[in-house]
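The values are calculated or read from the model by the stated rules, or taken from the named source; none is laboratory data. Everything numeric here is computed off the predicted structure, so don't read it as measured data. Virtual Cβ from ideal backbone geometry, glycine too; neighbours counted across all protein chains shown. Ligands, DNA and RNA are stripped out before the accessible areas are found, and what is left, the full protein with its side chains, is counted by its heavy atoms. Shrake-Rupley method; radii C 1.70, N 1.55, O 1.52, S 1.80 Å.
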Amino acid sequence: MKSQPHIEGNLTKMTITQFCDPALEQVADEFFRLTSNQEAGGASLAIFQEGECVLDLKAGEACAGSLWTDETVSVIFSCTKGLSSVLVGTLIE
């Protein structure tokens with residue numbers, strides 16, 4: 001199930017929910033709680049289940065005056081260890 005886009009806050013604290021399965025509302029609430037305390041920057045989170053997007057969230061700014069969007073490029077320095085372990089686990093299965 002997909003929800004309608006949801007926008008709240010001012011430009012620097014704006015949050016956008018493009019899709020949110022009702023079962024993942026607590027995840028969305030926690031994402032927005034964590035990102036609302038950021039003084040700068042932004043974040044996004046997408047969760048896919050069986051090939052379908054069930055959660056698609058964005059918050060904050062890509063740079064001063066520019067909202068975080070689907071087109072925002074980001075680096076994932078410390079995330080590569082976790083991603084690599086998931087990939088290796090999947091290959092082993």
Identify all residues within region 64-92 that are assigned to a loop (DSSP other than H, G, I, E, B) and either touching a Gly at 6+ places or on another chain (Cβ under 9 Å) or surrounded by 10 or more Cβ atoms within 10 Å (Cβ to Cβ) (or both); write none if there are none.
TRP68, THR69, ASP70, THR72, SER74
Go through region 31-58 residue by residue and tally those that are under 20 Å from GLU71 (Cα atoms) and charged (D, E, K, R).
3
When the residues of region 17-63 are filtered to those that are free of Cβ contacts under 8 Å to residues at least 12 places away in the same chain and part of a loop (DSSP other than H, G, I, E, B), which remaining residue is least open to solvent (accessible area, probe 1.4 Å)?
GLY51
Per the list (1) over 24 Å from LEU24 (Cα atoms); (2) at pLDDT below 85, residue check on GLY89 breaks on (2)
